[in-house]
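Before any comments, here is the structure.
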Amino acid sequence: MSSKKTWELYDIDVYRLPNGEHLYEMPLNNEFFSLFDFGLLEKGTGTANIRLVKTETMITVTAEVEGAVELTCDRSLEEYPHPISLQEVLYIKYGEEEEPLEDDLLMITRNTQKINLAQFLYEIIGASLPMKKIHPDYRREDDDDEDDLSEGTVVYSSGNEEEEDTEAGEENSEDNVDPRWQILKNLRDN
């Protein structure tokens, strides 16, 4: 199927659509992912169930996505299917010109013939992916906590070792204060 025909599968004719609730089912397959050249997602299967509610002032699009996408493991470089199950809402308001206002808010004119949901679906799927992609065969229970900062990790050091040795709950005495902070403290006291 050509990319133009694939792109048109995600069009909704909102101009002629009567007010009320409308349901759509859109396929998520390799042809869908090939529409985007970003390299984040290239393969997958699933469906997007779309519930569109049109009123006089706005359109609310609720997308429920179920399926799986092919990811590459960061450790082994093996491909594996990653399940996706999400629900997101897109609000479309009428205005003077067509423009995206926020990630989940779009403005269209009253003369807009149709909207295309392909980009919206691709973005919500991409945003739902984990930062760390680990094949299920290589996951350990402690993987989620591995990157968290644990107690005792020094994030910033002023170079004053005496301050580093003090415990978190203790107050520093006036003679252990960094001279830069003392200058700022003097400004506050004026």
Next on the checklist: For segment 66-102, which positions are farther than 17 Å from residue 11 by Cα, surrounded by 13 or more Cβ atoms within 10 Å (Cβ to Cβ) and touching a helix residue (DSSP H, G or I) at 6+ places or on another chain (Cβ under 7 Å)?
Outcome noted: 69, 73, 75, 80, 84, 86, 88
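Among 24, 91, 15, which is over 28 Å from residue 139 (Cβ atoms), assigned to a loop (DSSP other than H, G, I, E, B), among the aromatic types (Phe, Trp, Tyr) and touching a residue at least 24 places away in the same chain (Cβ under 8 Å)?
15
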Checklist entry - For segment 32-54, what are the residues that are part of a strand (DSSP E or B) and of a type outside the set (A, V, I, L, M, F, W, C)? => result 44, 45, 46, 47, 49, 51, 54
Checklist outcome for this item: If you go through 30, 19, the only one that is over 24 Å from residue 86 (Cα atoms), loosely packed, with under 15 Cβ neighbours inside 10 Å and of a type outside the set (D, E, K, R) is 19
Checklist entry - In segment 36-65, how many residues are of a type in the set (A, V, I, L, M), at pLDDT below 95 and either exposed (fewer than 14 other Cβ atoms within 10 Å of the Cβ) or within 19 Å of the chain's Cα centre (by Cα) (or both)? => result 2
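The values are calculated or read from the model by the stated rules, or taken from the named source; none is laboratory data. This structure is a prediction, so every number in the text was calculated from the model and none was measured. No Cβ is skipped: glycine too gets one built from the backbone with ideal geometry, and neighbour counts run over all protein chains shown.
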